[in-house]
Amino acid sequence: MKRAILGLAATILLLLPVSVAGAEQAVKAPAVQENNKQENMMPVPISVEQKNIDGVEYLIKVYELPAETPQEQLVETDFTQDGFLFTYVTTDKQVKEQKDTKEVTQEEKAESKSKSLDEVIKLFPTTKNYDKDGYKGTLTLDTGSIVTGVSEYTTKNYTVSTTKEYPELMYADPSYVSQSASKDGYILPLTNVSWTVMATGLSGDSLVPTEYKAVATYSKTFSSQVPTGYISTARYKGNITKTTADTAVFTITYAGKDLEGMPPILKAVTGIILLLLLCCGIAMLLFYLKSRRGADVYNLIDKEYIRIGRQTIQPKEPVIDLNEFEELIQSNVFQFVLDRKTTAALFGRNLNITYQDVTVKHRVNEKNGEYRFELDLGGVLDVE
């Protein structure tokens, strides 16, 4: 009840300055002043638009600011403008993304044991992801850019040789044999000569060779560097993009209430009604505050007095009816605390305390301040 009355009074006090013409101006000026102070501290909007949608007046302010700007810093408290009281409704944030795109070429290397293009191309994936310095994208292999070279060598020895025959020689004389021969572009030295007798004749009583054939062997050992490993280089090409969100567009919307559109007669009638409501609310509040005089009731529970409620006491017929708290009572021992005004009103008089079918009387012996006394309704009471 108390909260309802206080809420009604507060509502009336808030509504009254809006409806009464004179008080309206008093409220308006501080609001504008506060608004101007706040605007001086706030960023300047890039656009401000006021429009009426379905009978409601809206004010829309647009800001372009760093994306990390807190939205709540842009919201203004209620303010008046052009005869309207504007109240914040909503905020819309649109991040502005800026994209920077460029083409890049990136080289990759791979080692292999073969220089065959069919084998080398298997070492490079068709595409690869690019992610560096904020740029991202997909690069594609340029197969025509693949170049393969030798990465390491080993030494290999080999021998080149040939034979040559020299027939119909009269003597086994090495001077008849050439000291070198050529083969496949190589000049080979003489390394061996074998002689074969091809014919004989009598010389006295003995047979002697009359014809020889020489077989000459020419040979030479060479060494060469043979590749044992290869390294291939390939290029990837593609477009990469860097996306930044440095700024954002904030759209702040306010809804307005018309402060000047109310007809003068309606304003006057509304003001009178509100004044009457205010008077009624104040009267109800005073009546409630006056009628709440009474006593706080405590019950002895687990060796401790626990407050179980409060009861209003009418000075003409001072009664405390404990049956109201029956569900909370756990013992027959009670303590009562009368407020200052009730104590003064009941000084020297008897106060009736009723519980179930028992009624006892207690004389109030104090006049000033709160009055506290205890009663045990389970035993014999000494009532004055």
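The number of residues in segment 82-99 being polar (S, T, N, Q) and in contact with a helix residue (DSSP H, G or I) (Cβ under 8 Å, 6 or more places away or on another chain) comes to 1.
Looking for whichever is in contact (Cβ under 8 Å) with a residue 60 or more places away in the chain and either closer than 30 Å to G229 by Cβ or not assigned by TED's automatic domain parsing to the domain that holds V215 (or both) here; the options are K136, K156, K122. Which one fits?
K156
Look at I53 and say whether it is closer than 30 Å to G256 by Cα, exposed (fewer than 12 other Cβ atoms within 10 Å of the Cβ) and of a type in the set (V, I, T). Full working, then the answer.
Details: closer than 30 Å to G256 by Cα: yes; exposed (fewer than 12 other Cβ atoms within 10 Å of the Cβ): yes; of a type in the set (V, I, T): yes.
Criteria met by I53.
Being charged (D, E, K, R), outside the structural domain of T228 (by TED's automatic domain parsing), exposed (fewer than 14 other Cβ atoms within 10 Å of the Cβ) and under 16 Å from A255 (Cβ atoms), is that true of even one residue in segment 79-86? Looking for residues that are charged (D, E, K, R), outside the structural domain of T228 (by TED's automatic domain parsing), exposed (fewer than 14 other Cβ atoms within 10 Å of the Cβ) and under 16 Å from A255 (Cβ atoms), one finds at least one in segment 79-86, hence yes.
With respect to T162, is the statement that it is modelled with pLDDT of 95 or more and over 30 Å from K99 (Cα atoms) true? Yes, satisfied. Take the residues of segment 294-333 that are more than 20 Å from K361 (Cα to Cα) and of a type in the set (V, I, T): which is farthest from the chain's Cα centre (by Cα)? Going through the qualifying residues, I end up with I301.
Condition first: under 28 Å from the mean Cα position of the chain (by Cα), charged (D, E, K, R) and buried (at least 16 other Cβ atoms within 10 Å of the Cβ). Can you find one or more residues in segment 57-65 that meet it? The answer is yes, given that some residue of segment 57-65 is under 28 Å from the mean Cα position of the chain (by Cα), charged (D, E, K, R) and buried (at least 16 other Cβ atoms within 10 Å of the Cβ). Determine whether E119 is more than 26 Å from the chain's Cα centre (by Cα) and either of a type in the set (D, E) or loosely packed, with under 12 Cβ neighbours inside 10 Å (or both). Considered against the rule, which asks whether it is more than 26 Å from the chain's Cα centre (by Cα) and either of a type in the set (D, E) or loosely packed, with under 12 Cβ neighbours inside 10 Å (or both), E119 comes out as yes.
Out of the residues in segment 139-189 meeting the condition of being of a type in the set (V, I, T) and under 30 Å from T126 (Cα atoms), tell me which one is surrounded by the fewest Cβ atoms within 10 Å (Cβ to Cβ).
Selected residue: V147.
Among the residues of segment 326-343, those that are in a helix (DSSP H, G or I) and surrounded by 17 or more Cβ atoms within 10 Å (Cβ to Cβ) comprise T342, T343. Elements of the type strands (runs of 3 or more DSSP E) sitting completely within segment 67-180 and holding at least 3 residues that are under 30 Å from Y212 (Cβ atoms): these cover 135-169. Within segment 120-155, the set of residues being in contact with a Lys or Arg (Cβ under 8 Å, 6 or more places away or on another chain) and of a type in the set (D, E) comprises D133, D142.
Taking the stated definitions as given, is T101 under 30 Å from T233 (Cα atoms), outside the structural domain of L259 (by TED's automatic domain parsing) and either at pLDDT 95 or above or within 35 Å of the chain's Cα centre (by Cα) (or both)?
For T101, the condition - under 30 Å from T233 (Cα atoms), outside the structural domain of L259 (by TED's automatic domain parsing) and either at pLDDT 95 or above or within 35 Å of the chain's Cα centre (by Cα) (or both) - is met.
Considering only segment 234-245, I want to know if a residue exists there that is at pLDDT 95 or above, farther than 30 Å from K99 by Cα and surrounded by 12 or more Cβ atoms within 10 Å (Cβ to Cβ). There is no residue in segment 234-245 that is at pLDDT 95 or above, farther than 30 Å from K99 by Cα and surrounded by 12 or more Cβ atoms within 10 Å (Cβ to Cβ).
Residues that are touching a residue at least 24 places away in the same chain (Cβ under 8 Å) and over 13 Å from T162 (Cβ atoms): does segment 199-206 have at least one?
The answer is no; no qualifying residue exists.
Counting the residues of segment 291-330 that are in contact with a Ser or Thr (Cβ under 6 Å, 6 or more places away or on another chain) and aliphatic (A, V, I, L, M) gives 2. Of the residues making up segment 213-222, at least one is touching a residue at least 40 places away in the same chain (Cβ under 8 Å) and either under 30 Å from G134 (Cα atoms) or exposed (fewer than 11 other Cβ atoms within 10 Å of the Cβ) (or both).
The values are calculated or read from the model by the stated rules, or taken from the named source; none is laboratory data. Owing to the predicted nature of the structure, the values given are computational and were not obtained by experimental measurement. Please note: Cβ atoms are built from the backbone with ideal geometry, for glycine as well, and neighbour counts cover all protein chains shown.
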